[in-house]
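To start, the structure under review is shown below, and the notes come after it.
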There are 2 protein chains.
Amino acid sequence: MLLEKTFVDTITYRPGSVILYPGVSDMLYRLQSGLVRVHTMDDDGNGLTLRYVKPGEFFGEEALAGFDRTYFAEAVTDSTVDVINPALLSPEDNLEVSTHLVRILGRAYESIYRLVGKRLKSRIASELLELGQTALATPTADGAIMIYATHDELAAAVGSVRETVTKVVGELAREGVISAGYGKITLKNPEALKVIAQQ
Amino acid sequence: MLLEKTFVDTITYRPGSVILYPGVSDMLYRLQSGLVRVHTMDDDGNGLTLRYVKPGEFFGEEALAGFDRTYFAEAVTDSTVDVINPALLSPEDNLEVSTHLVRILGRAYESIYRLVGKRLKSRIASELLELGQTALATPTADGAIMIYATHDELAAAVGSVRETVTKVVGELAREGVISAGYGKITLKNPEALKVIAQQ
């Protein structure tokens with residue numbers, strides 16, 4: 001648990017607000033509630049999602065090392081963020097931050113593994129399952145999970161482009177695993193998605 | 001600087017020795033000298049290099065978080081490794097480890113960025129420049145840098161297969177940027193390689 005004195009501020013951001021820009025920083029951030037997307041851009045200006053930050057998770061960890069930040073952090077839904085002074089972290093807090101770093105490093109290596117070894121369809125299935133566990137997901141009346149996400153956002157998360165993602169989403173919909181509407185996707189058969197994610 | 005009491009052991013490994021296997025561990029490792037490759041395998045058994053560990057850098061950091069290790073660590077050259085008990089790290093040591101974690105996380109995100117946004121030729125150029133700063137590199141009589149690396153090893157590092165890497169290496173050699181021999185590649189024009197790496 002982080003000590004009170006380490007908190008500098010608590011700020012709530014509206015969806016689409018940029019919380020952090022590339023640059024220098026000496027503060028660490030922790031998400032209280034909502035969903036934050038950490039992303040960069042390729043040379044053509046296409047977005048590339050590096051990770052989603054869920055409640056309880058940190059971001060802006062380069063402040064610990066005094067490195068420049070090379071990414072953007074953006075509120076996806078209404079997001080409340082604690083601003084933390086890393087110089088005031090206790091040894092227990094530091095262990096919590098290290099554990100967080102090891103976890104997100106593992107997720108980054110998993111992304112590399114999937115980018116190299118998995119088909120786009122598997123990567124999209126995997127991404128939909130992950131988004132299904134964030135603040136973008138709401139349960140539907142018949143027990144399915146509906147996710148608010150555009151094909152552009154999915155493309156940024158799996159390292160592809162919208163046109164190609166639209167084709168694969170159509171394929172998954174024809175197979176009855178999901179259903180797709182404007183800006184939203186319903187996971188009709190998460191078990192089948194899990195199988196596809198592993199292929 | 002790490003305190004003496006945190007060291008458990010110091011071990012030297014021969015080239016090709018596996019230092020760490022996937023599994024559980026409670027020790028942290030730091031490379032004294034040599035070069036260590038951290039890698040995993042895709043479903044078809046192809047190697048995928050996650051990162052190279054250079055002298056002074058840590059590996060096995062999942063011990064800090066109590067997570068299972070999901071990768072192999074292998075000595076590429078003769079490598080001397082300190083085994084460290086993470087429970088005995090001082091606050092200063094922990095800060096050093098955190099800084100290391102932030103650095104390798106940044107490198108993992110850079111890999112994701114390159115996998116998504118860069119051509120294979122750029123990724124190979126970038127990899128050759130990085131290997132040129134490791135224990136695999138030796139200066140030649142005429143001031144160039146020679147790297148001991150097979151096309152298989154390059155393929156594992158850039159997320160491709162040997163056949164495709166061989167084609168690109170041939171292309172770079174025809175352009176006069178490198179020269180390639182059996183199991184070794186000479187960087188004849190590092191400046192030109194840097195330009196290609198950014199393309």
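Hey, among B:LYS184, B:LYS194, which residue is over 15 Å from the mean Cα position of the chain (by Cα) and in contact (Cβ under 8 Å) with a residue 40 or more places away in the chain? Answer to the check: B:LYS194. The helices (runs of 4 or more DSSP H) falling completely within the stretch A:68-160 that include 3 or more residues that are facing another protein chain (nearest Cβ under 10 Å) and more than 24 Å from A:ILE185 (Cβ to Cβ) map to A:91-117.
Restricted to the stretch A:48-67, and to residues there that are in a loop (DSSP other than H, G, I, E, B) and touching a Leu at 6+ places or on another chain (Cβ under 9 Å), the residue that is farthest from the other protein chains (Cβ to nearest Cβ) is A:PRO55. Within the set A:GLU92, A:GLU96, A:GLU61, A:GLU110, the sole residue that is acidic (Asp, Glu) and over 24 Å from B:THR70 (Cα atoms) turns out to be A:GLU92. Here B:GLU74 meets each of (1) closer than 29 Å to B:VAL161 by Cβ; (2) surrounded by fewer than 15 Cβ atoms within 10 Å (Cβ to Cβ) with one exception, condition (2). If the condition is being more than 18 Å from B:PHE72 (Cβ to Cβ), under 14 Å from the mean Cα position of the chain (by Cα) and in contact (Cβ under 8 Å) with a residue 40 or more places away in the chain, then the stretch B:145-164 contributes only B:ILE147.
The set of residues in the stretch B:161-199 being under 17 Å from B:ARG114 (Cβ atoms) and of a type in the set (D, E, K, R) consists of B:LYS194 alone.
The lone criterion from (1) closer than 19 Å to A:THR138 by Cα; (2) surrounded by fewer than 13 Cβ atoms within 10 Å (Cβ to Cβ) left unmet by A:GLN199 is number (1). Looking only at residues in the stretch A:30-42 that are outside any loop (DSSP other than H, G, I, E, B) and within 14 Å of another protein chain (Cβ to nearest Cβ), which one is surrounded by the fewest Cβ atoms within 10 Å (Cβ to Cβ)? Taking the candidates together, the pick is A:MET41. The sole residue among B:THR77, B:THR10, B:THR70, B:THR49 that is β-branched (Val, Ile, Thr) and in contact with a Gly (Cβ under 6 Å, 6 or more places away or on another chain) is B:THR77.
Give A:GLY45, A:GLY16 a once-over and let me know the one that is surrounded by fewer than 16 Cβ atoms within 10 Å (Cβ to Cβ), within 14 Å of the chain's Cα centre (by Cα) and outside any strand (DSSP E or B). Spell out the reasoning first.
Details: A:GLY45 fails: within 14 Å of the chain's Cα centre (by Cα).
Unique residue meeting the criteria: A:GLY16.
Only one of the numbered conditions (1) at pLDDT below 95; (2) buried (at least 19 other Cβ atoms within 10 Å of the Cβ) is not met by A:LEU105, and that is (1). Here B:THR77, B:THR40 are screened, and the one residue that is in contact (Cβ under 8 Å) with a residue 24 or more places away in the chain and touching a strand residue (DSSP E or B) at 6+ places or on another chain (Cβ under 8 Å) is B:THR40.
The values are calculated or read from the model by the stated rules, or taken from the named source; none is laboratory data. Fair warning: this is a prediction, and the values are worked out from it, not measured in the lab. FYI the Cβ positions are ideal-geometry reconstructions off the backbone, even for glycines, and counts take in every protein chain you see.
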